[in-house]
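Comments concern the structure below.
Readers should treat all values here as calculations from the given coordinates under stated rules, not as data from a laboratory. On a predicted model such as this, the values are computed, not experimentally measured, just so you know. Cβ placement follows ideal geometry from the backbone for every residue including glycine, while neighbour counts extend to all protein chains displayed.
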Amino acid sequence: MGSFSLTDLERIVAERASAPPSESHTAKLLAGGPAKPAKKLGEEAVEAAIAAVMGDRQGLVAEAADVLYHLLVTLRAGGVTVDEVMAELARRTAQSGLAEKASRRSE
């Protein structure tokens, strides 16, 4: 299997977003406003958490894929790019997780 990245998925989401909602699940989610993909993201996150707790490895893989897809659709609905999220992660990982979390409390 070749390399596939979140940037690749973001590109696919963008392409499918421009299709008619009757032909694209992505476009249908986005047509519902930001609440629709956000709700679906939450549902998929719960399903991933349940699969993790149950020790269902294959279920976790499948649900994690759903979470990533719905996250990117939600980001698109909010006008946020993967590059922006990665920049935030880079900023946060410049220090230890505990120090970074403590710095957010003072903001």
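Side notes on the structure shown:
- Selected residue (criterion: farthest from residue 87 (Cα to Cα)) from residues of segment 1-27 that are of a type in the set (D, E, K, R) and surrounded by fewer than 13 Cβ atoms within 10 Å (Cβ to Cβ): 23
- Boolean, residue 64 is hydrophobic (A, V, I, L, M, F, W, C), surrounded by fewer than 14 Cβ atoms within 10 Å (Cβ to Cβ) and without any contact (Cβ under 8 Å) to a residue 24 or more places away in the chain: no
- Conditions (1) out of contact with any Lys or Arg (no Cβ under 8 Å at 6 or more places or on another chain); (2) surrounded by 12 or more Cβ atoms within 10 Å (Cβ to Cβ): number failed by residue 79: (2)
- Among the candidates 88, 63, 44, the residue that is in contact with a His (Cβ under 6 Å, 6 or more places away or on another chain) and assigned to a helix (DSSP H, G or I) is uniquely 44.
- Any hit, segment 47-55, residues being out of contact with any strand residue (DSSP E or B) (no Cβ under 7 Å at 6 or more places or on another chain), under 17 Å from residue 82 (Cα atoms) and surrounded by 14 or more Cβ atoms within 10 Å (Cβ to Cβ): no
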